[in-house]
Amino acid sequence: MLTAWTIDISHASPRAFEDYEKRHRREFDACFNNLDKIIKFLNAGLKMGGFQVGFLRSEGRGLYRVGQTGVPGARATRLYVYPDVHHAVMYILGIGDKDTQHKDIAAAHIKTDELRRQTT
């Protein structure tokens, strides 16, 4: 029997997400719609890396970014997530755009490393 994946937002900054959603609502919604698609694949029994979608990319060390799609003239938005495949938990870590991606990835790697230590 498959374990249903859950989403954990406790490692994300609520203020950063609220601010981003206010400034870039369409992109914000598109990222979360794409995350829903990924969760559906995982709940269907597919494994991370076992499916290909253009909006999902590995950033190394277990970190993935979910991009927005289908938004004309969109700001290149990235939702940073860590899928804990052993416990079927998708951790949401951060959100940002191309201008902040290096800082966002560095911060998300720190959180991913911490989560990996806590959950293994």
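The values are calculated or read from the model by the stated rules, or taken from the named source; none is laboratory data. Keep in mind the model is a prediction, meaning the values are calculated, not measured. Glycine gets a Cβ as well: all are built from the backbone with ideal geometry, and neighbour counts include every protein chain shown.
A few comments on the model shown:
Quick grid of which residues meet (1) of a type outside the set (Gly, Ala, Ser); (2) modelled with pLDDT of 95 or more:
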| position | (1), (2) |
| --- | --- |
| Arg57 | yes, yes |
| Tyr82 | yes, yes |
| Ala107 | no, yes |
| Lys111 | yes, yes |
| Arg116 | yes, no |
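- Boolean, Gly73 is free of Cβ contacts under 8 Å to residues at least 24 places away in the same chain, under 21 Å from Lys111 (Cβ atoms) and not β-branched (Val, Ile, Thr): no
- Tallying residues that are of a type outside the set (Val, Ile, Thr), within 13 Å of Gly62 (Cα to Cα) and touching a Lys or Arg at 6+ places or on another chain (Cβ under 8 Å) within segment 85-115 yields 4.
- Enumeration of residues in segment 103-120 that are of a type in the set (A, V, I, L, M, F, W, C) and surrounded by 14 or more Cβ atoms within 10 Å (Cβ to Cβ): Ile105, Ala107, Ala108, Leu115
- Of all the residues in segment 62-102, those that are more than 20 Å from Ile9 (Cβ to Cβ) and not polar (S, T, N, Q) number 10.
- Cβ separations smaller than 7 Å between residues 6+ apart or across chains give the following pairs from segment 93-120 residues that are touching a residue at least 12 places away in the same chain (Cβ under 8 Å) to residues that are of a type in the set (Gly, Ala, Ser) and assigned to a helix (DSSP H, G or I): Leu93/Ala108; Gly94/Ala16; Gly94/Ala107; Gly94/Ala108; Ile95/Ala16.
- First in segment 46-64 and within 18 Å of Gly96 (Cα to Cα), second anywhere and of a type in the set (Lys, Arg) and modelled with pLDDT of 95 or more, Cβ under 6 Å, 6 or more apart: Arg57/Arg65; Glu59/Arg65
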